[in-house]
Amino acid sequence: MSNWSFIDHVSKYISRPKIGNEKEPTLWPSESSAIIKNSYNEEVNIGKCRRSIFFRYLLASFKYYEKYSHYSELVKLLKTNEIEPDKYTQFIWIQGNLYEDYLLNVAKESGVYIGDQTQVYIPSHKVSGKIDIIVIDPETEKYRIVEAKSVYGFNANRILGSPAERKAGVLGTPKESYLMQIGLYQWWYANKREKFGDGLLVCGARDTGKYAEFGITVHENEETKENHIYYYYNNPVKGPKIDSGISIENILNQFAYIQECLDTGVIPDRDFDIVYDDAKIDLLYTRGELTKSEAERYEKRLSQIENKKTKINKQIEKGDWQCSYCSFKAVCYSSDNSPKTISI
């Protein structure tokens with residue numbers, strides 16, 4: 001009997017080292033971030049952790065530029081502790097690519113295909129990315145950017161809208177990372193060409209088949225005088241234009257900050273926490289931002305403390321998913337989730 005496994009074979013294949021042409025390191029639209037004020041007037045990051053971007057960009061830049069040779073010890077630390085994506089994560093990425101491929105194929109078959117994987121480069125901030133698909137709108141004869149994103153599971157409803165919301169003619173809210181990526185493409189590429197109309201963000205659930213299509217525009221906000229990213233429901237329902245509150249200038253400022261950190265030798269602070277401290281848990285409870293079960297456990301523990309019980313339940317463990325899935329979490333945190341001090 002053979003011990004060979006097909007799934008093991010293809011898993012190893014997709015994990016193989018990729019050999020490509022050397023090119024100048026760039027920052028990526030897919031790792032955009034923006035610092036905004038939340039409903040409590042606190043500054044928060046709504047995108048990729050800037051420290052994580054810095055680490056990824058440093059590894060690429062160190063190999064390419066001699067001027068960053070003084071980072072050798074930090075680079076060694078990063079390479080030693082970087083966590084490679086497991087085979088399950090890689091399969092998830094491939095499934096996402098398959099959804100994009102599906103939309104690309106039907107664009108060609110239906111006669112609206114213009115191009116795909118179109119290079120976009122913003123030289124002022126060394127930002128480089130690729131537009132998924134460009135199609136022609138048969139009604140207006142305008143070209144339109146199409147950015148394809150696949151979603152799945154319960155959290156997909158936040159983007160696609162719950163069944164009740166969709167029945168009422170309401171969709172969900174696109175992820176900020178999606179909006180920032182296509183927003184940069186629309187602003188830098190489409191807005192500069194008269195042939196282009198509004199962008200289209202297509203989010204499809206690979207488990208249920210449901211989808212939501214959002215129209216995307218970027219133009220100056222009268223109040224802030226910055227270029228804001230706007231979206232509207234386009235299909236299966238129509239809706240008014242909504243200001244995301246995210247400006248192109250804000251996104252570019254974060255990319256500029258990463259470049260400045262690299263050039264000055266300053267490691268950015270963490271934007272997220274793998275585990276919240278007691279003060280953050282207290283704050284979340286006060287604001288009603290714990291789940292029902294978490295709130296019950298919190299109240300039980302609080303009662304035990306107030307009544308001076310000898311046995312006290314453990315504090316709720318809660319943190320940001322960005323840290324849990326970060327390739328560099330072992331660089332930032334010890335095995336007990338305590339923060340590490342990092343130096344150059």
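Derivation of every value follows stated rules applied to the coordinates shown; laboratory data play no part. Keep in mind it's a predicted model, so treat the numbers as computed, not measured. Neighbour counts run over all protein chains shown; Cβ positions are idealised from the backbone, glycine included.
Structural remarks
- Taking 0.36 nm per residue of separation and subtracting the Cα-Cα distance, full extension of the segment from LYS308 to ALA330 would add 4.2 nm.
- On the beta carbon distance between ILE14 and THR286, with R0 = 56 Å, the FRET formula returns roughly 0.75.
- Given +1 at the Cβ of Lys and Arg, -1 at the Cβ of Asp and Glu and no other charges, the dipole of the stretch 147-267 around its Cα centre is 700 debye to the nearest 20.
- With viscosity 1.567 mPa s and temperature 4 °C, the Kirkwood radius over alpha carbon pairs of the stretch 278-318 converts through Stokes-Einstein to a diffusion coefficient of 124 µm²/s.
- This structure gives semi-axes √(5λ) of the Cα gyration tensor in Å, computed directly, and of (1) 36, 22, 19; (2) 27, 25, 20; (3) 35, 28, 24 that value is listed as (3).
- Among LEU104, LEU290, LEU59: highest mean-square fluctuation, GNM of the chain, C-alpha pairs under 10 Å: LEU290
- Inter-site label distance for GLU73 and ASN221 at 7 Å from Cα along Cβ, in nm: 4.2 nm
- Helical contribution to [θ] at 222 nm, DSSP H n ≥ 4, -39,500 (n - 2.57), averaged over the chain, rounded to 500: -11000 deg cm²/dmol
- Those lysines that a straight Cα-Cα span of less than 28 Å connects to LYS311, excepting residues fewer than 8 apart in one chain: LYS280, LYS292, LYS300
- Gyration tensor verdict on the stretch 87-248 (Cα atoms; rounded if a/c is under 1.5, prolate if a/b is larger than b/c, oblate otherwise): rounded
- For the stretch 68-91 and the stretch 310-339, distance of Cα centres in Å: 20 Å
- In this Cβ point-charge picture (+1 for Lys and Arg, -1 for Asp and Glu), the chain has a dipole of about 880 debye about its Cα centre.
- Cα gyration tensor shape of the stretch 77-175, rounded if a/c is under 1.5, else prolate or oblate by comparing a/b with b/c: oblate
- Between ARG297 and ASN38, the contour length at 0.36 nm per residue exceeds the alpha carbon distance by 90.6 nm.
- Options CYS332, PRO163, ILE242, ranked by Cα towards positive dipole end of the chain, top entry (Cβ charges): CYS332
- Inverse of mean 1/r across different Cα pairs in the stretch 3-129, Kirkwood, Å: 18.5 Å
- Candidates ALA190, ALA107, ALA164, ranked by Gaussian network fluctuation over the chain, Cα under 10 Å, top entry: ALA164
- Too-long pairs where the Cα-Cα distance tops 30 Å, listed order kept, from LYS142/LYS210; LYS241/LYS329; LYS23/LYS340; LYS87/LYS192; LYS87/LYS130; LYS63/LYS142: LYS241/LYS329; LYS23/LYS340; LYS87/LYS192; LYS63/LYS142
- Contact order, relative form, for the chain: 18 percent (alpha carbon pairs under 8 Å, 6 or more residues apart, mean separation divided by residue count).
- Of the residues LEU283, LEU200, LEU252, the one that moves most in a GNM of the chain with alpha-carbon contacts below 10 Å is LEU283.
- Between ASN337 and GLU24, residue separation times 0.36 nm minus the direct Cα-Cα distance comes to 109.2 nm.
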